[in-house]
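Written below as structure tokens is the structure these notes are about.
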């Protein structure tokens, strides 16, 4: 039965594995990394991420290569992308945490229990979206049957309640995740630092510098050349060039 | 200055682990300081002094100082010694670079500021002033011992430098003590500058270029006298240790000396300090440059049969190792020190391969190096320190450490071993404990989780859950309106069903015409198949059913009279014509129903048309109550 379900799932999503990285290619890129050819390995990892945007390990490997190339900004950007795709993976968590600490930031906010942080990020953003969709369909299906089959109402009542609660729970979880530092955020990828301007243009005063690898919240991205960003910890906001920061 | 790692104070293991966090940072951002000192402030012109440049840093390795050009001294590297200490979580590295300086001019001479660059900032020493004085022998001779000078002149006259060809009076030779060597085997190069004439200026030594060779100075400069072909020469000798890099030809290019020669000899070349003397004398002379011969070497391939632990070491070494402490808790750091002592190129010596230790987490290896050049042989000591963290508790063994080298004297490989080491590991505190670790000038609390990033992943496919989630999330949003529409439809159907259950007569009334039409079609089918009797029978049943649905009376209890009565009662506006039509059709159909043999296709067709017309008529007359 389990096999049938899995088969059905694969039949439903025939393209799921189509873009998966070729195992031999990956082994080749990992060999390059092992031998210290980080730039060459990085090119390979980037090729995988372009083909397989849902592959957290490709982003993780790219982050490692960037880290070895002493580029903390792009490294943290890749780790963040990997973390958003698979927040339960211990390697991804460890390297993101390590890289953030190296740049004076933390994965688990100060004062927040680690267990709560783990639960908060137990599901990825995509998994949360999928769960909401799934519970929505399930709830609607059950409600339809409940409405039409009066004789089954007794049996369906619990399932309907459970599915409704799950839907509401995942929806609230998803809403709560909108305040995550990785949601609607960007990483400063400019080498060294980026200037925080008081307006979207070079004519405005630069009143702060943002160090490379700093996580910032994007408040507005409608300007062609500048992001309006907020730095919650310092309580300041301003504009940075779009070439100096990259969205997670 | 020279110390070794075994002299390091016992360290708190957790600090050692933390210290490793910063090893990868290298020297690029490490804090540095540099200082320089000499062993004397005053030196005779024919003597030399030691300059020690000490670089201190807070990382495992520090950069070498960049010695500036010093025209007033001849400079030779004498060695280095390194000391690493990890105390209270702070790494401190101290490397002392020693140089021998031979003065070239009399008077106050300055050793310029010596810089060191850590990749971002430059640090420099203070200038050092050195007083260069005449040699004691030289001074006494000037005060009243002209005989020596006279003797010198006599020797020169006897030896006949005046009769010598100019190229024979001043020349330079270069020779190696071996013509073949193995990679990393020491070969000594001796360069000798001979002169049979007095010099009036400083001979400037320009070292040779090397191909496929690494060079290491072997100071100090030796001076002496010799007789060659009946002529007496003073010579100055510079030695250099060479190490072949790889199998194949190697070469030593020509060395040069630039010297100024008096037209008339006023200085005694046989004076032990004659090389420095030209600085004390006045007057200009002829500048002459002499070059040495080139020398070729052949670097031989290492013989086959190297042990598995061989990593390129050539020379003669001893091995020792130590582990401290011998009792630890899981998660705490242990210090495994492996010391290689002996003669050979220690600079290029790589750490012995650590054995497999699945019970331990093995961190990067730090090395410290002390080089000595005693008796013109490069040697010393290199200490490799590895931090180990026990993973599991119990009695654990660190396997034997193997180190092998090729002994060029014996022409054979030798393998040395140290260990194994037994250690008792107790259960430690939970991981992730917060330690206070001071790094450089900024002290701040950090929470260590690992010393480095974790290794790359070899998983070629994203997790199934992630893939499915990605695909589901990629579905268009409008698809989610379908379940909502289905719910609305279901609710409407449920309400309809409920309404029907509550109002059955009304539903019969509304459905009567549709039902009758369907039965008319069925009767038409029977007629088409040549069964008019059956067609008439269907029409009869249909009429009764229709009248029953419209009147709300059960079919079983319905007669023509009752039906008409009910119609008049429920539908007062019904016309008499309609009632007559009902009666007429009922009677005709009833007749055929009970005598189907009398039914002909024509009569059946007539009745069908009549029934259809009646339905239209009644639908107009019978309005919903």
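Values in this text are rule-based calculations from the coordinates and carry no lab data. Here the structure is a predicted model, which is why all the values come from computation and not from measurement. For neighbour counting, all protein chains shown are included, and Cβ atoms are generated from backbone atoms with ideal geometry for every residue, glycine included.
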Residues residue B:426 and residue B:375, FRET efficiency given R0 of 35 Å [Cβ-Cβ distance, rounded to 0.05]: 0.10
nm² value of the averaged projected area, convex hull over the Cα atoms of chain A: 17.7 nm²
For A:128-134, mean number of other protein chain Cβ atoms within 10 Å: 5
Relative exposure of B:366, B:357, judged by other C-beta atoms within 10 Å (fewest first): B:357, B:366
Average beta carbon contacts from partner chains per residue of B:580-591, 10 Å cutoff: 0
Nearest-ten-degree value, helix A:153-177 long axis tilted from longest Cα axis of chain A: 10 degrees
Degrees separating the helix A:72-85 axis from the principal Cα axis of chain A, which is the longest one: 0 degrees
Segment A:102-176: equivalent-ellipsoid semi-axes (sqrt of 5 x gyration tensor eigenvalues, Cα, Å): 37, 12, 7
Globularity index of segment B:483-560, i.e. its alpha-carbon radius of gyration over 2.2 N^0.38 Å: 1.48
Radius of gyration, Dmax [segment B:357-416; alpha carbons; angstrom]: 16.7, 50
For q = 0.16, 0.28 Å⁻¹, Debye-computed log10 I/I(0) when each Cα of segment B:462-507 counts as one equal scatterer: -0.62, -0.91
Separation in nanometres of the label points that stand 7 Å from Cα toward Cβ, at residue B:287 and residue B:329: 7.3 nm
Percent breakdown of C-alpha pair distances by 10 Å bin, ordered from the shortest bin, for segment A:133-248: 13, 31, 14, 13, 14, 11, 4, 0
Rel. contact order, % - alpha carbon contacts under 8 angstrom, at least six apart, chain A: 14 percent
Largest-first principal axis extents, alpha carbons of segment A:35-130, Å: 39, 33, 18
Ranked packing of B:212-222, A:102-112, B:335-345, most packed first, by mean Cβ within 10 Å: B:335-345, B:212-222, A:102-112
15 Å reach of a label modelled at residue B:497, 7 Å along Cα-to-Cβ, counting backbone N of segment A:145-176: A:145-157
Pairwise Cα inverse-distance average, inverted: Kirkwood Rh of segment B:328-379 (Å): 13.7 Å
Highest to lowest packing among B:294-302, A:175-183, scored as the average C-beta count within 10 Å: B:294-302, A:175-183
Test item: A:144-156 mean partner chain Cβ contacts at 10 Å: 3
